[in-house]
Amino acid sequence: MPSSRSNENQSSTGRTGPQGEPASGNRQQGSSNQARSQGNDSSAEILEYYRSNTDRLLEFLSRSDDESLNRLVTIVRSGASYDVVFTAIEQSSTNGSINQPNGTSH
């Protein structure tokens, strides 16, 4: 019975790859390794971003008074983006007060 697979997916044992080229495991492996490396780099950057933000949040929570914590909770509950939340935390660490999303400082 004939196989339903095309020649594009066949192995390198004398068969051809896409567009009649000899199938090359090395070429595909190199591309795969490069893509994996780029994926690992991206994953490492994303992981570092979240670790950094988690550290900043924990530091803020541990050193803030009740009023500052309540303002932060209000910002979070308003549906603010991560950037807005962490900008508020950053502002608090530089000037001691959190700005509400509408720009008012408390």
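Take the residues in segment 43-72 that are small (Gly, Ala, Ser) and over 19 Å from residue 83 (Cα atoms); name whichever of them is surrounded by the fewest Cβ atoms within 10 Å (Cβ to Cβ). Filtering first and then ranking leaves 62. Inside segment 55-86, can you point out the residues that are touching a residue at least 12 places away in the same chain (Cβ under 8 Å) and among the hydroxyl-bearing types (Ser, Thr, Tyr)? Residues satisfying the conditions are 64, 68, 74, 78, 82.
For every residue, the table says whether it meets (1) among the small types (Gly, Ala, Ser); (2) modelled with pLDDT of 90 or more.
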position: 23; (1), (2): yes, no
position: 54; (1), (2): no, yes
position: 68; (1), (2): yes, yes
position: 80; (1), (2): yes, yes
position: 93; (1), (2): yes, no
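The values are calculated or read from the model by the stated rules, or taken from the named source; none is laboratory data. These numbers come from a predicted model, not from an experiment. Because the Cβ atoms are built from the backbone with ideal geometry, glycine has one as well, and the counts that use them run over all protein chains shown.
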